[in-house]
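One structure is given here, and the rest of the page talks about it.
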Amino acid sequence: MAAAVSRFRCLNAPPLRQTPRNLISAASSRFLATEAPPPETTPRRRPTYFKDKLNSVPSFGEFIGLQEKSLAAEDALELRTAMVGPTGKKKQITRLPEWLKTPIPDNSNYKKIKKDLRGLNLHTVCEEARCPNISDCWGGSDKSAATATIMLMGDTCTRGCRFCSVKTHKAPLPLDPHEPEHTAEALSRWGLGYVVLTSVDRDDLVDGGARHFTETIMKIKQKRPDILVEALTSDYAGDLEMVEMVARSGLDVYAHNMETVEALTPMVRDRRAKYRQSLEVLKAAKKAVPTLITKTSIMLGLGETEDQLWQTLKDLRAIDVDVVTFGQYMRPTKRHMKVEEYVTPEAFALWRQRALDLGFLYCASGPLVRSSYKAGEAFIENVLKKRKGTTILTGEETLPVDKVTV
């Protein structure tokens, strides 16, 4: 019976030309499934360019032919305020002083370095911490004139300091085993003479990431023995054996930031970061390799007093720290600590001289100075080369090299 029904259906089926076209096209698509469908044609759009044409027009004073008076020194340093917000809810804000304004990075060299970093899946503290000097450091005339601080072990920190904009999480992603090789490859491509490596805190790791840091430095030195390496490290939770391991890895400058004075440390830094613990890290690094240059950085504008700053400098000199830098604290977002004071350039110059008078080898001090600072790195590079018998180039930012005890 079933055979008879099938034969009836076949004999009474409509001819192929009467088959609906949608069924034929569906059948054809099944037979041609391995062929790629024709690409959809989309109209090409013009690229969008954002240009600041508004600010290129003459000011009102220029338009009506008035001569604008130059500001006196005291007026230039005076902080301006402004009222912002809708009617009835306006609030007063402090405008950023002129000496803290920097250009938006936009040149070919900046883009080249950023492309190299993304291609090798590397991170920089320049981007993650929103450094105001990124246009200056990345925007050199060529890659050899540019500097970038590579941030190892990912872009997520296990600590939550109240001044830092780097992402935080108690369990970041595992370490990338290829990162040491990729970092060494990127730096060998750029042909830099001086590089800075730093890292997030990784309290989730047994060694705090010290072995990863050490491996990276050793690979860099294997590819480029002549390159000078500065390592800006964490405190490894006070494990001084890990500090010694990194110090003996072949680096040239061991840096660890105090960030602020002792009285403000509990409010500014994560609870696991302690003032005396940081001093012990710098002391252990110098003890492990006495020829190492040790370096630290301090932020101003957090509410510190002169006496507290003096004591911090004396504590650092007591353990033979060679280099100190002073910079203005800049609030990255509203969730972070507020700025207590915008310190003037004159005050920064005063603290620079005070540090040099105390016996520091070098001090970079200014509103936009950061721990990894181009002028400071150039000076340290010259000192290290002099120790190795290489010709020294001096600049106006540095002390005369022949007057520096190295």
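The values are calculated or read from the model by the stated rules, or taken from the named source; none is laboratory data. Predicted, not measured: the structure shown is a model, and the values here were computed from it. We place every Cβ from the backbone using ideal geometry, glycine too, and count neighbours over all the protein chains shown.
Could you list, in sequence order, the residues of the range 241-266 that are assigned to a helix (DSSP H, G or I) and more than 23 Å from the chain's Cα centre (by Cα)? Steps first, please.
First, the residues of the range 241-266 that are assigned to a helix (DSSP H, G or I): 241-247, 262-266.
Matches in the range 241-266: Glu241, Met242, Glu244, Met245, Glu262, Ala263, Leu264, Pro266.
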Exercise. For Arg272, all conditions in the list (1) surrounded by fewer than 17 Cβ atoms within 10 Å (Cβ to Cβ); (2) in a helix (DSSP H, G or I) hold save one; what is the number of the exception?
Worked result: (2)
Exercise. So which of Leu358, Leu350, Leu393 is surrounded by fewer than 18 Cβ atoms within 10 Å (Cβ to Cβ), at pLDDT below 80 and either of a type in the set (A, V, I, L, M, F, W, C) or at positive phi (or both)?
Worked result: Leu393
Seminar exercise, completed: Sole miss for Asp270 among (1) without any contact (Cβ under 8 Å) to a residue 40 or more places away in the chain; (2) in contact with a Gly (Cβ under 6 Å, 6 or more places away or on another chain); (3) closer than 20 Å to Cys164 by Cβ is condition (1)
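Looking at Ala285, Ala263, which one is surrounded by fewer than 22 Cβ atoms within 10 Å (Cβ to Cβ) and either of a type in the set (Gly, Ala, Ser) or within 20 Å of Arg202 (Cα to Cα) (or both)?
On the way: Ala285 fails: surrounded by fewer than 22 Cβ atoms within 10 Å (Cβ to Cβ).
Checking each option against the conditions leaves just Ala263.
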Exercise. In the set Glu241, Glu304, which member is out of contact with any His (no Cβ under 7 Å at 6 or more places or on another chain) and either within 30 Å of Gly191 (Cα to Cα) or surrounded by 22 or more Cβ atoms within 10 Å (Cβ to Cβ) (or both)?
Worked result: Glu304
Exercise. Within the range 205-240, restricting attention to residues that are of a type in the set (Val, Ile, Thr) and closer than 15 Å to Leu192 by Cα, which residue is nearest to the chain's Cα centre (by Cα)?
Worked result: Val229
Problem set entry | Residues that are closer than 19 Å to Asp252 by Cβ and either part of a loop (DSSP other than H, G, I, E, B) or acidic (Asp, Glu) (or both), drawn from the range 195-218 | Glu215
Exercise. Quick one: how many residues across the range 169-194 are at pLDDT 90 or above and either of a type in the set (Lys, Arg) or in a strand (DSSP E or B) (or both)?
Worked result: 1
For this session: Would you check if there is a residue in the range 255-267 being touching a Phe, Trp or Tyr at 6+ places or on another chain (Cβ under 9 Å) and more than 24 Å from Cys161 (Cα to Cα)?
Result: no
Exercise. Which residues, counting only those in the range 163-178, are touching a residue at least 24 places away in the same chain (Cβ under 8 Å) and under 17 Å from the mean Cα position of the chain (by Cα)?
Worked result: Phe163, Cys164, Ser165, Val166, Lys167
For this session: Of the conditions (1) assigned to a loop (DSSP other than H, G, I, E, B); (2) more than 25 Å from Val281 (Cα to Cα), Gln353 clears all except one; give me its number.
Result: (1)
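For residues that are without any contact (Cβ under 8 Å) to a residue 60 or more places away in the chain and of a type in the set (Gly, Ala, Ser), scanning just the range 183-206, find the one that is surrounded by the fewest Cβ atoms within 10 Å (Cβ to Cβ).
In the first step, residues of the range 183-206 are kept if they are without any contact (Cβ under 8 Å) to a residue 60 or more places away in the chain; the result is 184, 187-188, 191-192, 195, 197, 199-200, 202, 204-206.
Filter once more, keeping what is of a type in the set (Gly, Ala, Ser): 184, 188, 191, 199.
Working: Ala184: 21, Ser188: 15, Gly191: 11, Ser199: 23.
Looking at residues that are without any contact (Cβ under 8 Å) to a residue 60 or more places away in the chain and of a type in the set (Gly, Ala, Ser), I get Gly191.
Could you say whether any residue in the range 117-136 is modelled with pLDDT of 85 or more and closer than 28 Å to Pro332 by Cα?
No, the range 117-136 contains no residue that is modelled with pLDDT of 85 or more and closer than 28 Å to Pro332 by Cα.
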Exercise. If you take the residues in the range 270-291 that are at pLDDT 95 or above and among the hydroxyl-bearing types (Ser, Thr, Tyr), which one is farthest from the chain's Cα centre (by Cα)?
Worked result: Tyr275
For this session: Return the pairs, sorted by first residue and then second, in which the second residue is surrounded by 23 or more Cβ atoms within 10 Å (Cβ to Cβ) and of a type in the set (S, T, N, Q), the first residue lies in the range 223-247 and is in contact (Cβ under 8 Å) with a residue 12 or more places away in the chain and under 13 Å from Ala288 (Cβ atoms), the beta carbons are less than 8 Å apart, and the residues are 6+ apart or on different chains.
Result: Ala231/Thr198; Thr233/Thr198; Thr233/Ser199; Val243/Thr233; Val246/Thr233
